[in-house]
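The values are calculated or read from the model by the stated rules, or taken from the named source; none is laboratory data. Small disclaimer: the values here were computed from a predicted structure and weren't measured. A quick note on method: Cβ atoms are made from the backbone with ideal geometry, for glycine too, and the neighbour counts reach across all protein chains shown.
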């Protein structure tokens with residue numbers, strides 16, 4: 001999440017005035033307590049701690065702090081503790097050795113409102129419900145067989161993109177972003193719900209998705225100063241409530257239309273429709289019929305939202321990759337030579353060809369490093385005390401991984 005939107009200046013001023021006395025008393029008593037071996041930390045400001053250091057883009061400010069203070073850096077973000085990890089050993093110790101402790105996401109207001117009361121896997125706390133969702137995703141939605149069954153959709157949309165770009169190239173200009181948006185949205189919507197969406201409806205829905213992503217990553221005072229969250233000084237929560245009503249309306253209509261199609265298919269009205277349940281929405285509706293208490297409408301809506309929201313980050317990543325290639329002609333030339341040698345001039349690139357194209361995979365990974373979606377891996381939160389690289393990490397600490405550094 002992007003912690004500093006600098007329209008929060010007024011909030012910080014009010015906070016400092018109201019709680020300066022509280023801060024002095026708290027620091028006075030905390031200094032009397034024996035300190036544990038905590039990671040190095042930059043100088044902090046009263047009450048807000050290090051929030052002012054997390055500038056936009058977040059992944060670059062995190063990298064800058066790591067260069068100054070080392071592979072493990074401690075931060076104080078309002079009332080919350082946080083650490084930044086920037087070495088393979090530290091990341092492995094946190095996410096492998098201490099994986100059960102760091103399996104949670106920080107509890108934020110966006111999860112209550114936009115995350116359907118924290119029922120989606122992105123916001124859900126680690127526990128039985130989270131494990132059910134994880135099993136659903138890994139075994140039913142994104143396992144090899146279901147993804148292979150949808151390969152034709154991805155291939156057809158890719159071919160449509162190439163054909164439209166070839167036709168447009170005669171005019172000398174290609175609107176990359178518009179073309180990429182059209183391809184990714186059609187691909188994801190057909191894979192997830194089984195049918196495309198009207199162009200004007202798609203644009204309206206993606207406008208909603210962009211605002212949802214912005215709100216999830218926005219600075220919300222309640223997330224770091226719970227005692228003052230009720231003030232909603234920045235109006236973030238009012239925006240969440242407004243956009244949620246529109247978002248829920250769109251997703252509800254998608255699900256209800258799919259239910260109507262399933263009923264017609266079961267009654268034999270649409271004999272020409274595919275009987276095999278192939279897309280994720282079909283799978284989730286079937287599981288809801290078997291276990292309605294676990295797979296509620298909110299759970300299904302949360303998953304649909306996450307999958308459709310991937311269109312925004314996917315489009316941005318493809319656009320960034322193309323811009324980087326156009327800016328580095330020697331890299332593009334090497335990638336083209338690799339494709340020509342392993343795929344051929346007369347063949348169309350297919351997903352299975354990636355196994356023969358290691359240089360192209362390096363380009364993709366470097367693109368994700370230089371411009372990570374959502375400005376880096378979403379933070380995690382510790383459910384108990386632990387030790388990372390010899391440093392004490394208390395319960396409730398937010399964990400940031402510095403994805404921009406070269407490990």
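Details
- Filter result for residue 282 (closer than 23 Å to residue 157 by Cα, part of a helix (DSSP H, G or I) and without any contact (Cβ under 8 Å) to a residue 12 or more places away in the chain): no
- Criterion applied to 153, 174, 162, 121 was being in a loop (DSSP other than H, G, I, E, B) and over 30 Å from residue 241 (Cα atoms), and the one residue passing it is 174.
- Residues satisfying the stated conditions in region 81-106, i.e. in contact with a helix residue (DSSP H, G or I) (Cβ under 6 Å, 6 or more places away or on another chain) and in a strand (DSSP E or B): 84, 85
- Filtering region 124-136 to residues that are part of a helix (DSSP H, G or I) and touching a residue at least 60 places away in the same chain (Cβ under 8 Å) leaves 129, 132, 133, 136.
- Residue check, residue 154 assigned by TED's automatic domain parsing to the domain that holds residue 315, farther than 17 Å from residue 299 by Cα and touching a residue at least 60 places away in the same chain (Cβ under 8 Å): yes
- Residue 197 vs. criteria at pLDDT below 85 and not in a helix (DSSP H, G or I): yes
- Of all the residues in region 324-338, those that are without any contact (Cβ under 8 Å) to a residue 12 or more places away in the chain and surrounded by 12 or more Cβ atoms within 10 Å (Cβ to Cβ) number 3.
- From 320, 315, residue being surrounded by 15 or more Cβ atoms within 10 Å (Cβ to Cβ), assigned by TED's automatic domain parsing to the domain that holds residue 190, farther than 27 Å from residue 110 by Cα and within 25 Å of the chain's Cα centre (by Cα): 320
- Assessment of region 160-169 against the conditions (in contact (Cβ under 8 Å) with a residue 12 or more places away in the chain, under 17 Å from residue 307 (Cα atoms) and touching a helix residue (DSSP H, G or I) at 6+ places or on another chain (Cβ under 6 Å)) yields no matching residue.
- Residue within region 207-229 that is in a helix (DSSP H, G or I), in contact with a strand residue (DSSP E or B) (Cβ under 9 Å, 6 or more places away or on another chain), at pLDDT 85 or above and surrounded by 15 or more Cβ atoms within 10 Å (Cβ to Cβ) present: yes
- Residue within region 66-77 that is under 23 Å from the mean Cα position of the chain (by Cα), over 21 Å from residue 395 (Cβ atoms) and at pLDDT 90 or above present: yes
- Members of region 8-44 found to be modelled with pLDDT of 55 or more, farther than 18 Å from residue 227 by Cβ and not in a loop (DSSP other than H, G, I, E, B), listed by number: 9
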